[in-house]
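The values are calculated or read from the model by the stated rules, or taken from the named source; none is laboratory data. As the structure is a computational prediction, the values presented were derived from the model and not from experiment. Virtual Cβ from ideal backbone geometry, glycine too; neighbours counted across all protein chains shown.
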Amino acid sequence: MNRKLSAPPSIATSVATCIAFFTVAALAAGSPAMAQISPEPEQIEELLKGPADAPVVMVNLLRFKDRADAPDEGLSGEEAYGRYGARMVEWITSQGARVIWSGRVDSFVIGDTEERFHSIALVEYPSRAEFLRIAGDPRVAEFSVHRTAGLEMQWLIATTTRADLTSASPDDTSND
């Protein structure tokens, strides 16, 4: 289904650039169609339905290849992705975003799913439009070859802070 983006032209340009970047990177790495590592246009449209003027925390669920593809042959997928990650963190922080937390998945305590991930990262961007601008910047293509060389699959989940959960004090015992 082809729908026009309802975003202003500057955001629409960022969307197109971001989708094109992820698609070209995935194709260049020969990513299989079933292992999604780039967004579909509909997913970008859904992202833009969230609050435009609020920060967005992107929850990155990452699964790495056992062995990296070119140009990182000889490395594990995690090592190849690490090459991308170091440069990406440097880039995003220079653009006003920040890594809140990053770590390895040790075990599942609640829940049962076939999807297993190796690592999780929480990255806050000033807004959804800024996320698209930062991720779609042509400079990111220089080091994203390491992302596609090492990444088997990614879930990227856009989240918005819930004030009702973060502002309640521990002494608040009201039953609203």
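Brief remarks on what is shown
- Number of positions in segment 63-96 that are outside any loop (DSSP other than H, G, I, E, B) and of a type outside the set (S, T, N, Q): 19
- If only residues of segment 49-66 that are in contact with a helix residue (DSSP H, G or I) (Cβ under 6 Å, 6 or more places away or on another chain) and among the hydrophobic types (A, V, I, L, M, F, W, C) are counted, the one that is nearest to Ala135 (Cα to Cα) is Val56.
- Look at segment 123-139: where a residue is farther than 17 Å from Thr159 by Cβ and a partner is surrounded by 18 or more Cβ atoms within 10 Å (Cβ to Cβ) and at pLDDT below 95, sitting 6+ places away or on another chain with Cβ atoms under 6 Å, you get Arg133/Ser14; Gly136/Ser14; Gly136/Cys18; Gly136/Phe21.
- Scanning segment 24-47 for residues that are modelled with pLDDT of 50 or more and farther than 23 Å from Arg116 by Cα returns Pro41, Glu42, Ile44, Glu45, Glu46, Leu47.
- Residue list for segment 155-172, restricted to those being modelled with pLDDT of 95 or more and either in contact with a helix residue (DSSP H, G or I) (Cβ under 9 Å, 6 or more places away or on another chain) or among the small types (Gly, Ala, Ser) (or both): Leu156, Ala158
Residue-by-condition table, conditions (1) surrounded by 11 or more Cβ atoms within 10 Å (Cβ to Cβ); (2) closer than 17 Å to Tyr81 by Cβ; (3) basic (Lys, Arg); (4) at pLDDT 90 or above:
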site: Gly103; (1), (2), (3), (4): no, yes, no, yes
site: Asp106; (1), (2), (3), (4): no, no, no, yes
site: Glu115; (1), (2), (3), (4): no, no, no, no
site: Tyr125; (1), (2), (3), (4): yes, no, no, yes
site: Glu130; (1), (2), (3), (4): yes, no, no, yes
site: Arg147; (1), (2), (3), (4): yes, yes, yes, yes
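- One residue stands out in segment 105-121 among those that are of a type in the set (A, V, I, L, M, F, W, C) and not in a loop (DSSP other than H, G, I, E, B): the one that is nearest to the chain's Cα centre (by Cα), namely Ala121.
- Comparison of Thr113, Thr159 shows that the only residue that is among the hydroxyl-bearing types (Ser, Thr, Tyr) and without any contact (Cβ under 8 Å) to a residue 40 or more places away in the chain is Thr113.
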